[in-house]
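Visitor: Please find one structure pasted underneath; my questions will follow.
The values are calculated or read from the model by the stated rules, or taken from the named source; none is laboratory data. Only a predicted model underlies this, so the values are computations on that prediction, with no experimental measurement involved. Note that we place each Cβ from the backbone using ideal geometry, even for glycine, and neighbour counts take in every protein chain shown. Note: accessible area is taken over every heavy atom of the protein model, side chains too, but ligands, DNA and RNA are not part of it. Shrake-Rupley method; radii C 1.70, N 1.55, O 1.52, S 1.80 Å.
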Amino acid sequence: MDYKNIYEGKDLGEVSYDSYLKDYTTFGIGGRADVLLKPQNEDQLKNILRLNKNMDIKTTVIGRGSNLLVSDKGIRGAVVVLADNYSKLGVKDEIVTALAGTSLNETALFAIENSLRGMEEISGIPGSIGGAVAMNAGAYGGEIKDICLEVRTFDYDGNIHVFTNEQMNFSYRHSRIFEQDLIVSSASFKLKKADKQDLLEKYEDFTNRRQSKQPLDKKSAGSTFKRPVGSYASKLIDECGLRGFRQGDAQVSEKHCGFLINRGEATCKQMLDFINEVSSIVYEKTGFKLEREVKLIGEL
């Protein structure tokens, strides 16, 4: 397919071809995308979605790549990136609004700067507002569902749909986004007034806790497994003697067993095999089944 002829000269944002997706994931893993598109606003995103629909081009949307394992063969069709290119913050009274590509940390700091409480707990989760809303991200007892007011989404035909918190069907690492295969465009959050200095101290406390316990300097996709009922993935992995366990460049973090890391040039296949091996050992020794939280996408 002549992608350049299809995409050139249209209001779509930045367009590139044959880009390596490992440069767009925190795992540092992933083959090439046929086309990579970086819209800057809703109009450009809508244009992309409608053009791809009309041309029968498969569309894959990613955020900041923090919960993804991308195939070594890459992704065919068009990959739409909603990251720094699709980032904007606004505030009115006690409501903060963010475009989907805005980082959670940036949004939390913006809220604190405006003396608004509610995002400190989730501030250190790597990733974007879009991914956090879709996954109902949570940490230290706080979840997106606790503060989310409204979500603007696109379907893959380029139509806008707006949902309230109640309509989002939030549950553990799940939302309506997955049920209807939607794309988060922006979200608004209802926060509460608080003392800025107190909020900064809480933010710094949560940040220090993460830095001391999580391998934030390593290539990982965050927590690799979902929390099993009745236990914790990191606890089970540690109890099975797998702290630091390694196969090639894939390794269980010595700092936090819930994080599997890429020490250098691990491929998607190697990492996926390693994830399955860790899960298999834990099941054999404890009876707990660890379900992968990291999403696998691309041509397998």
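Visitor: In a GNM of the chain with a 10 Å cut-off on Cα contacts, which of Arg64, Arg209, Arg263 has the highest mean-square fluctuation?
Guide: Comparing Arg64, Arg209, Arg263 in the GNM, the peak value goes to Arg209.
Visitor: Quick one: which residues, 5 or more positions from Leu149 or on another chain, have an amide H under 5 Å from its amide H? H modelled 1.01 Å from N in the peptide plane, none for Pro or chain starts.
Guide: For Leu149, whose amide H was placed from the backbone, the distant partners under 5 Å are Ser188, Phe189, Lys190.
Visitor: Determine the distance separating the Cα centre of segment 41-103 from the Cα centre of segment 248-287; give it in Å without decimals.
Guide: Value for the Cα centre distance between the two parts: 29 Å.
Visitor: Separate question: Taking only the C-alpha atoms, wrap a convex hull around segment 1-108 and report its volume per residue in Å³ as a whole number.
Guide: Working: hull volume 10.7 nm³, N = 108.
Convex hull volume per residue, Cα atoms: 99 Å³.
Visitor: OK, next. As I understand it, the dipole of the chain uses +1 on the Cβ of Lys and Arg and -1 on the Cβ of Asp and Glu, about the Cα centre. Which of Val282, Asn169, Ser123 lies farthest toward its positive end?
Guide: Toward the positive end, the furthest listed residue is Val282.
Visitor: Give me the dipole magnitude in Debye, nearest 20, for segment 112-152 about the Cα centre, with unit charges on the beta carbon: positive for Lys and Arg, negative for Asp and Glu. Walk me through the numbers on the way to the answer.
Guide: Working: 3 positive and 6 negative charges, 25 e Å.
So the magnitude is around 120 debye.
Visitor: Quick one: work out Rg over Rh on the C-alpha atoms of segment 45-124, Rh as Kirkwood radius.
Guide: On the way: Rg = 16.1 Å, Rh = 14.7 Å.
In segment 45-124, Rg relative to Rh is 1.10.
Visitor: Shifting gears a bit: Using the Karplus curve 6.51 cos²θ - 1.76 cosθ + 1.60 with θ = phi - 60°, what ³J(HN,Hα) values do you get for each residue of segment 222-237, in whole Hz, with x for Gly and Pro?
Guide: Whole-Hz 3J(HN,Hα) from phi for segment 222-237: x, 5, 7, 10, 6, 6, x, 5, x, 7, 10, 4, 4, 5, 5, 5.
Visitor: What net charge is computed for the residues neighbouring Lys235, neighbours being all others with C-beta under 14 Å from the C-beta of Lys235, Lys and Arg scored +1, Asp and Glu -1?
Guide: Working: positive: Lys213, Lys226, Arg227, Arg243, Lys285; negative: Asp238, Glu239.
Residues near Lys235 contribute +3 overall.
Visitor: Can you work out ³J(HN,Hα) from phi for every residue in segment 110-116, in order, using Karplus 6.51 cos²θ - 1.76 cosθ + 1.60 and θ = phi - 60°, giving whole Hz and x for Gly and Pro?
Guide: After applying 6.51 cos²θ - 1.76 cosθ + 1.60, I find 5, 4, 4, 4, 9, 6, 10 Hz.
Visitor: While we're looking at this one, here's another question. Express as a percent, rounded to the nearest 5, the fraction of DSSP beta bridges in segment 1-133 (both residues included) that run antiparallel.
Guide: Numbers: 11 of 19 bridges.
Of the beta bridges lying entirely in segment 1-133, close to 60 percent run antiparallel.
Visitor: Taking Cα pairs under 8 Å and at least six residues apart, what relative contact order does segment 104-260 come out at, in percent? Present the calculation step by step, with values, prior to reporting the outcome.
Guide: Details: 245 pairs, mean separation 32.3, N = 157.
Dividing the mean separation by the residue count of segment 104-260 yields 21 percent.
Visitor: For a quick check, take a GNM of the chain with Cα springs below 10 Å and name the residue from Glu120, Glu284, Glu143 with the largest mean-square fluctuation.
Guide: With Cα springs under 10 Å in the chain, the top fluctuation among Glu120, Glu284, Glu143 is at Glu284.
Visitor: With every protein chain in place, what's the accessible area of Asp2 (1.4 Å probe, Å², nearest 10)?
Guide: Counting only protein heavy atoms, Asp2 exposes about 90 Å² to solvent.
Visitor: Quick check on the chain: of the DSSP beta bridges with both residues there, what percent are antiparallel, nearest 5%? The partial results should precede the final answer.
Guide: Details: 41 of 52 bridges.
That works out to approximately 80 percent antiparallel.
Visitor: How much mean residue ellipticity at 222 nm does the chain get from its helices, if each DSSP H run of length 4 or more adds -39500 (n - 2.57) and you divide by all residues, to the nearest 500 deg cm²/dmol?
Guide: Values: 8 runs with 84 residues, N = 300.
Taking each H run of at least 4 residues, the total per residue is -8500 deg cm²/dmol.
Visitor: Continuing with this model, one more query. Could you please state, rounded to a whole Å, how far the C-alpha centre of segment 107-141 is from the C-alpha centre of segment 216-242?
Guide: One Cα centre to the other: 21 Å.
Visitor: On to the next question. How long, wide and thick is segment 139-253, going by the Cα atoms along their three principal axes, in whole angstroms, largest first?
Guide: On the principal axes, segment 139-253 reaches 48, 42, 29 Å in Cα extent.
Visitor: Take every Cα-Cα distance within segment 79-204, group them into 5 Å bins from 0 onward, and report for each bin the whole-number percent of pairs it holds.
Guide: Whole-percent P(r) values from 0 Å outward: 2, 12, 23, 26, 20, 11, 4, 2, 0, 0.
Visitor: Quick one: putting +1 on the C-beta of Lys and Arg, -1 on the C-beta of Asp and Glu, what dipole do you get for the chain around its Cα centre, in Debye to the nearest 20? Working shown, then result.
Guide: Values: 41 positive and 43 negative charges, 97 e Å.
So the magnitude is around 460 debye.
Visitor: Oh, and also: Picking from Ile281, Ile75, Ile29, which is most flexible by a Gaussian network model of the chain using Cα springs under 10 Å?
Guide: For the chain, modelled as a Gaussian network with Cα springs under 10 Å, the answer is Ile281.
Visitor: Can you give me the relative contact order of the chain as a percent, contacts being Cα pairs under 8 Å and 6 or more apart? Let's see the in-between values first.
Guide: On the way: 656 pairs, mean separation 53.3, N = 300.
After rounding, I find 18 percent.
Visitor: How fast does segment 210-300 diffuse by Stokes-Einstein, in µm²/s, taking the Kirkwood radius from C-alpha pairs at 20 °C and 1.002 mPa s? All intermediate terms of the calculation are to be shown ahead of the outcome.
Guide: Values: Rh = 13.1 Å.
Roughly 163 µm²/s, to the nearest whole number.
Visitor: Sort Ser66, Ser185 by heavy-atom solvent-accessible area, probe 1.4 angstrom, most to least.
Guide: Per-residue accessible area, sorted high to low, gives Ser66, Ser185.
Visitor: If you don't mind, another one. Counting only Cα, what are the radius of gyration and maximum Cα-Cα distance Dmax of the chain, in Å?
Guide: 19.5, 58
Visitor: Sticking with this structure for a sec: Which three lengths, in whole Å and largest first, does segment 1-44 cover when its Cα atoms are put on their principal axes?
Guide: Here the Cα extents, ordered largest to smallest, are 32, 26, 10 Å.
Visitor: Moving on to the next point. Relative contact order for segment 141-228: what percent, with Cα pairs under 8 Å and sequence separation of 6 or more?
Guide: Working: 72 pairs, mean separation 23.0, N = 88.
Computed over segment 141-228, the figure is 26 percent.
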